[in-house]
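Contents: one structure, followed by commentary.
All of the numbers you see were taken from the coordinates with simple rules; none came from a lab. Only a predicted model underlies this, so the values are computations on that prediction, with no experimental measurement involved. Reconstructed Cβ throughout: ideal geometry from the backbone, glycine too, with neighbour counts over all protein chains shown.
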Amino acid sequence: MPLLPRQVLPLAPAVKGPRPLSNPKVLPPAARQLPEQSVDLGAPAPLALPTQPQQVRIEEFRPLSLNESESIAEVNSPDLKTLASQVEQAQSALRAELARWYPNLSFNANRFPATQTGQSYSRVSPLTTAQSGQTGYTVQTITTMDASLRASWALIDPRRVPSIALARDQYEQAKNAYLIGLRELRLRVASSYFDLQNADEQVRIGQESVRASLVSLRDAQARFQAGVATKLEVLEAQTQLARDQQLLTQALYGRSAGALSSGPGQAIARRNLATLLDLPQNVTPTAKDPARVVGTWLPSLQESIVAAFKFREELDQVLLDISIANSAANRELAAVQPVLNLFNDFGVGRGTGSQYIPGLRSNLTDPNTGRPLSLENQPQRQWNVDNTIGINVTWNIFDGGRARALYRQSKQKAQEETYNFSRTRDQIRQEVETSFYELLTNNRNILTTSNEVLSARESLRLARLRFQAGVTTQREVVDTQRDLTQAEVRYSSAIANYNRSLAELRRRTGLDLIALCQRPILPASRPANTTADVPIEPTPLLPACQAGGLFSNRGR
């Protein structure tokens, strides 16, 4: 079969533009206020730090739905607030660069005021002194005030345009980073919520298993006392009870390496969600919604991949990195280009003072006394006003090739970012395909594990009937009960993994095309459960050293 000709793919700058703008409409905006029923779950002060044990003691378990959890996280999350602050910082930096287009006006006052005092002595001949009546001493005191006003405007500045373009691209990057952070926050909240739902189901399964094991142990002990069963059957029932108690403990507090279900225990899952929501220190969230399949993913794999290429901001970030590198190259090259400034300097000064010259006489006489007027103390006053208009030219003609080398470095950085675009594109496709195939796998697992649960339940019912009729042993009941527990655990995990894959597809494609599942129609009365009324007695917690010593003392 002949190969079809390979299609020529369009280039990203032709599709998205060389400097793509951030589009906040690609996803619903973040919530600005807490839900009405959760107004008291505001985040603590950013610098708040508990110092007393009662300040971190859990006093309330608050049931929350998935939508409420997402809204609370969008309002309280410190990570999202940090990204919003970075957007504001980038906007301020852009505004600072735009100021290059405006003239500068500066005021300078070097002496405002300043006092100058001096004394000088000059050697003169006796004849000059006798004729003028002066001595060789001169004392002068002057107070001056100077101020200037300078207005300048860069008519030609080669660094202006690339600097503004660079700041503008960084501002768009900050807005894209906010959208990426918002998508990631919603995914993390949804994943944590599904983990909590799964943990709740594991606790329920563990409790049902313990109750079933208690019933089996009670029946085995009754048959042993009646003489129709052996001690081995009682021991088998006790062993299964210990396994189920271990399963319940793991579901309550954590997962071990050999646990059937991955994910945190109920206590850890609740605190993980509380950390994401940044709740008050004395509140722990619980899952209000039961664990069920959210919906069905409608787009095909190919439509999901193309949508991811269209809506994911990570690709726009790389294109902006290329534009930033090109702008930096042009800015470096501007270091060896002329800069032309128009300026106007306006200055004003004023000085007052006196000069004392001993023995100095004027040619004028006093009309009252007929004596010459004394000029020993002479007042001094002066004003000056200057205005200068001109053009300054600055041109670094030769810098040893430094600007050209930095220009090439930035251009090489732009070329490097094109390779990063290719890697990001392939990574986005891999993420979408992985989530899509995992969704199909978990969908199949839901079907198979649900059938497994139904079959295991019926097998356990028949095994108990056979055991009560005396035609089978306790071993068959224990094995069937263990199969049912494992099947229920796998079914719960399949639902949680399916919902998680669905949330990942929404995050990684930007689409929200999901057919929601219809709520199941439940009967008015609960089905009969023979183990629901069996109480689970709390087991005392022994220290690890003491618990391990029990096995050592008994031996094998």
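Data overview
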| quantity | calculated |
| --- | --- |
| Positive minus negative residues near A291 (Lys, Arg vs Asp, Glu; Cβ under 10 Å) | -1 |
| Alpha carbon centroid spacing (whole Å) that separates the stretch 398-415 from the stretch 428-495 | 65 Å |
| Sorted peptide list for 154-164, 388-398, 11-21, criterion being average Cβ within 10 angstrom, highest first | 154-164, 11-21, 388-398 |
| Two-site label geometry, E184 and Q91: point separation in nm, points 7 Å out along Cα→Cβ | 2.2 nm |
| Relative packing of peptides 45-51, 490-496, 33-39, 235-241 - highest average C-beta neighbours within 10 Å first | 490-496, 235-241, 33-39, 45-51 |
| The stretch 1-85: relative contact order in percent, alpha carbon pairs under 8 Å with at least 6 residues between | 37 percent |
| Computed E for R404/A31 - FRET, C-beta separation, R0 45 angstrom, nearest 0.05 | 0.30 |
| Ranked packing of 89-100, 269-280, 198-209, 432-443, most packed first, by mean Cβ within 10 Å | 198-209, 269-280, 432-443, 89-100 |
| Summed residue charge, Cβ within 12 Å of N497's Cβ, Lys/Arg positive, Asp/Glu negative | 0 |
| Separation in nanometres of the label points that stand 7 Å from Cα toward Cβ, at A335 and V471 | 9.4 nm |
